[in-house]
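One structure below.
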Amino acid sequence: MPAAAAAQAVRRPFVGEVLGRGDFAIISELVEPNSKVLDLGCGEGELLAWLAENKGVDARGVEISAAKVRRAIARGVSAYQGDIDEVLTDYSDHAFDYVILSQTLQETRWPLKVMRDMLRVGRHAIVAFPNFGYWTVRLSLLFTGRAPKTGLFPYEWYDSPNIHFLTVDDFDQLVRREGFTIERHYFLSGRYRLHFLPNLRAAIAVYLIRK
Amino acid sequence: MTVETNTAQFASVSLDSGATLAPVTVAYQTYGQLNASKSNAILILHAFSGDAHAAGLSSETGKPGWWDNTIGPGKAFDTDRFFVICSNVLGGCQGTTGPSSINPQTGCPYAMSFPVITIGDMVQLQTQLIDSLGIERLLAVAGGSMGGMQALEWAVSYPERVVAAIPIATTARHSPQQIAFNEVGRQAIMADPDWNDGNYYSSRPPARGLAIARMVGHITYMSDESMREKFGRRLRQKEKFGFDFSVDFEVESYLRYRGSQFVGRFDANSYLYITKAEDYFDLTNAAGTLANAFAKAQARFLVISFSSDWLYPSYQSQEIVRVLRRSNHDVAYCELPSNYGHDAFLVDVAEQSEVIRGFLESTYKEKA
């Protein structure tokens, strides 16, 4: 591959942004039109409202913040207040085509249970997470000797919602161990999609997986 | 917006008890315009002591409706877009047939010969009203407290006629605590000698009993916080205790005022019948489980509860939501923060309006 083409492949701007976010852009590409979608940690329902409007999906959301649930419902999204760690057990098998967990896996109390439940409740799971192996995080820890504070992990250790830190390699290993199938994966740095050394270079990873 | 109360006559209604009531009058009001496809009709369901006058200013009294802060042009139930209907419930005393109505067989008020009615009976009569207005499907049924029970009953018993249901501050089955408070109210009325086995229409009504029943009711509609905020331990028009049993505290004065005011507008026998209908309400009665009850429901649901409501606590709404979720129904739920207790759905409506407006908007766009 000529150097220029390789550079092109590496630094190719990906789908741009949906609602200002690269992972949303990928998710919006992955979700089939008119499917049933459950978004765990749906925030104010921005993504679900976008998917309902643009892809005709039947959208449901769970969010722990009461204020955010209110705004999601006001946006027209069928959301309810609940704890991700608890609500998934309520749903029947394959109740949804996709269960989305966007940048929330690291905040759940029992991430493995959540992932297993996601793939019970949904035919596919879409998991987006911030990569703790990203080089800026490594440098932050190396040079400051303190819990990393970066753009993706902006919190002090004592008030961070992130209680499980994972890297791209960690996620890959877990998926292999559980016998899940990776249908697609995307590694993002800013607005760019990466192919090489994602564990070091990706800020955000997005996986489409199934059982 | 001045509004008038209309009445509709129906030949009969067959009741859950097996009895038939004939004929039946329904008092109702409407706001806004029914569109050509008749797809924008919303039925508002009133709570225990409500009436058909939900919005606008009454042409008779000039008073605003009980949910005027929520129904009207640009409000949560936007009458510029939707056709809103509200009727007085069966067993009521504000124009719909109830125990104070004249029994055509005898020429006297029904009094205690009025048959015992259920929430299901109230809803069945509402279907007759909706039929008479030429409406097949309601865009939404909505109400708080007993109104919420009716909304749930609609969604369960007439699934194909309800696009969306908005049960607020309510329950799928009356709890022992709710039954207990209702029973205190009923006993207060029946202990009043003026009640006279319900035959007081040509003499003095059981004003003391009814007032006490209402006082108990009002306590359950407020919260510890809202009572502390509203009254504290303030004394009523005195500097120190009276050392007697006249009114000392503001809260006593308030309850007495509310009690006596209620006597002027509500019939004691209606109190007995309507509270009994609430107490019988249990969606699992016929179906066995809540999941079975909701199995045929097709509506999209918006369930709302309030943080300080201890009469219809959030766990009762959450039970409904959990069952709906388990069976893959389309349900949105939020517990709104409020200090106003059960009354919140009537008085603390800013956030409630925000979620109702958005929910109705998307329902209308997607499903109507």
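The values are calculated or read from the model by the stated rules, or taken from the named source; none is laboratory data. Just so you know, these numbers come straight off a predicted model, no measurement behind them. Here Cβ is always computed from backbone atoms with ideal geometry, including for glycine, and neighbour counts include all displayed protein chains.
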**Asked** Hey, does the stretch B:283-294 have a residue that's in the same structural domain as B:Glu160 (by TED's automatic domain parsing) and more than 26 Å from B:Thr118 (Cα to Cα)?
**Response** no
**Prompt:** For B:Asp330, are the conditions met, namely being surrounded by 24 or more Cβ atoms within 10 Å (Cβ to Cβ) and acidic (Asp, Glu)?
**Reply:** no
**Request:** Count, please, the residues in the stretch B:90-105 that happen to be exposed (fewer than 15 other Cβ atoms within 10 Å of the Cβ) and under 15 Å from B:Asn269 (Cβ atoms).
**Result:** 1
**Matching residues, the stretch B:17-49, being within 17 Å of B:Pro99 (Cβ to Cβ) and outside any strand (DSSP E or B)** = B:Ser17, B:Ala19, B:Ala22, B:Pro23, B:Phe48, B:Ser49
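Condition first: surrounded by fewer than 22 Cβ atoms within 10 Å (Cβ to Cβ) and on the phi < 0 side of the Ramachandran plot. Now tell me which residues in the stretch B:67-77 satisfy that. Break it down into steps so the answer makes sense when it comes.
Within the stretch B:67-77, the first condition is being surrounded by fewer than 22 Cβ atoms within 10 Å (Cβ to Cβ), and the residues that meet it are B:68-69, B:73-75.
Of everything in the stretch B:67-77, those that are surrounded by fewer than 22 Cβ atoms within 10 Å (Cβ to Cβ) and on the phi < 0 side of the Ramachandran plot turn out to be B:Asp68, B:Asn69, B:Pro73, B:Lys75.
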**Message:** Just the residues that are in contact with a helix residue (DSSP H, G or I) (Cβ under 6 Å, 6 or more places away or on another chain) and either assigned to a loop (DSSP other than H, G, I, E, B) or of a type outside the set (Gly, Ala, Ser) (or both), please, taken from the stretch B:139-157.
**Reply:** B:Val141, B:Met146, B:Met149, B:Gln150, B:Glu153, B:Trp154, B:Val156
**Message:** What pairs come out if I take residues in the stretch B:1-18 that are without any contact (Cβ under 8 Å) to a residue 40 or more places away in the chain and pair them with residues that are of a type outside the set (Asp, Glu) and in a loop (DSSP other than H, G, I, E, B) whose C-beta lies under 7 Å away, six or more apart or interchain?
**Reply:** B:Gln9/B:Pro23; B:Ala11/B:Ala22; B:Ala11/B:Pro23; B:Ser12/B:Ala22; B:Ser12/B:Pro23
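Suppose we filter B:Thr7, B:Thr61 for residues that are surrounded by fewer than 21 Cβ atoms within 10 Å (Cβ to Cβ) and either touching a Lys or Arg at 6+ places or on another chain (Cβ under 6 Å) or part of a strand (DSSP E or B) (or both); which single one remains?
Testing whether each residue is surrounded by fewer than 21 Cβ atoms within 10 Å (Cβ to Cβ) and either touching a Lys or Arg at 6+ places or on another chain (Cβ under 6 Å) or part of a strand (DSSP E or B) (or both) leaves just B:Thr7.
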**Message:** Given the condition closer than 22 Å to B:Trp67 by Cα and part of a helix (DSSP H, G or I), answer yes or no: does some residue in the stretch B:322-335 qualify?
**Reply:** no
**Fill in**
Looking across the stretch B:169-199 at residues that are aliphatic (A, V, I, L, M) and assigned to a helix (DSSP H, G or I), the single one that is surrounded by the most Cβ atoms within 10 Å (Cβ to Cβ) is B:Ile189
**Request:** Determine, yes or no, whether A:Val57 is in contact with a Pro (Cβ under 9 Å, 6 or more places away or on another chain), in contact (Cβ under 8 Å) with a residue 24 or more places away in the chain and among the β-branched types (Val, Ile, Thr).
**Result:** yes
**Message:** Among the residues of the stretch B:257-265, are any of a type outside the set (Asp, Glu), in contact with a His (Cβ under 7 Å, 6 or more places away or on another chain), free of Cβ contacts under 8 Å to residues at least 60 places away in the same chain and surrounded by fewer than 19 Cβ atoms within 10 Å (Cβ to Cβ)?
**Reply:** yes
**Asked** Being surrounded by fewer than 17 Cβ atoms within 10 Å (Cβ to Cβ), of a type outside the set (Ser, Thr, Tyr) and more than 25 Å from A:Thr181 (Cβ to Cβ), is that true of even one residue in the stretch A:61-70?
**Response** yes
**Asked** If you check B:Ser308 against the conditions, is it at pLDDT 95 or above and assigned to a loop (DSSP other than H, G, I, E, B)?
**Response** yes
**Request:** Run A:Val87 past the list (1) of a type in the set (A, V, I, L, M, F, W, C); (2) more than 9 Å from chain B (Cβ to nearest Cβ); (3) assigned to a helix (DSSP H, G or I) and report the number of the one that doesn't hold.
**Result:** (2)
**the stretch B:311-368, subset of a type in the set (Phe, Trp, Tyr) and touching a residue at least 24 places away in the same chain (Cβ under 8 Å), residue nearest to A:Leu38 (Cα to Cα)** = B:Tyr333
**Message:** On the basis of being more than 23 Å from B:Pro23 (Cβ to Cβ), hydrophobic (A, V, I, L, M, F, W, C) and touching a His at 6+ places or on another chain (Cβ under 9 Å), does B:Ala151 make the cut?
**Reply:** no
**Prompt:** Only one residue in B:Glu136, B:Glu160, B:Glu153 is buried (at least 16 other Cβ atoms within 10 Å of the Cβ) and in contact (Cβ under 8 Å) with a residue 12 or more places away in the chain, so which one is that?
**Reply:** B:Glu153
**Request:** Give the residue that is farthest from B:Ala41 (Cα to Cα), with candidates limited to residues of the stretch B:337-356 that are surrounded by 18 or more Cβ atoms within 10 Å (Cβ to Cβ) and at the interface with chain A (Cβ under 7 Å from one of its Cβ atoms).
**Result:** B:Glu351
**Message:** Take the conditions within 14 Å of another protein chain (Cβ to nearest Cβ) and of a type outside the set (Ser, Thr, Tyr) and apply them to A:Val57. Does it pass?
**Reply:** yes
**Request:** Would you mind telling me which numbered condition in (1) away from chain A (no Cβ under 14 Å); (2) closer than 30 Å to B:Gly185 by Cα B:Ser317 fails?
**Result:** (1)
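Every residue, every condition in (1) farther than 26 Å from B:Ser362 by Cα; (2) more than 10 Å from every other protein chain (Cβ to nearest Cβ); (3) surrounded by fewer than 17 Cβ atoms within 10 Å (Cβ to Cβ), yes or no:
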residue	(1), (2), (3)
A:Trp50	no, yes, no
A:Ser78	no, no, no
A:Phe96	no, no, no
A:Gln103	yes, yes, no
A:Val114	yes, yes, no
A:Leu119	yes, yes, no
**Request:** Filter the strands (runs of 3 or more DSSP E) completely within the stretch A:123-211 down to those with at least 2 residues that are among the β-branched types (Val, Ile, Thr), closer than 17 Å to A:Leu30 by Cβ and under 16 Å from the mean Cα position of the chain (by Cα).
**Result:** A:204-210
**Asked** Has the stretch B:291-300 got at least one residue that is more than 16 Å from the chain's Cα centre (by Cα), facing chain A (nearest Cβ under 8 Å) and of a type in the set (A, V, I, L, M, F, W, C)?
**Response** no
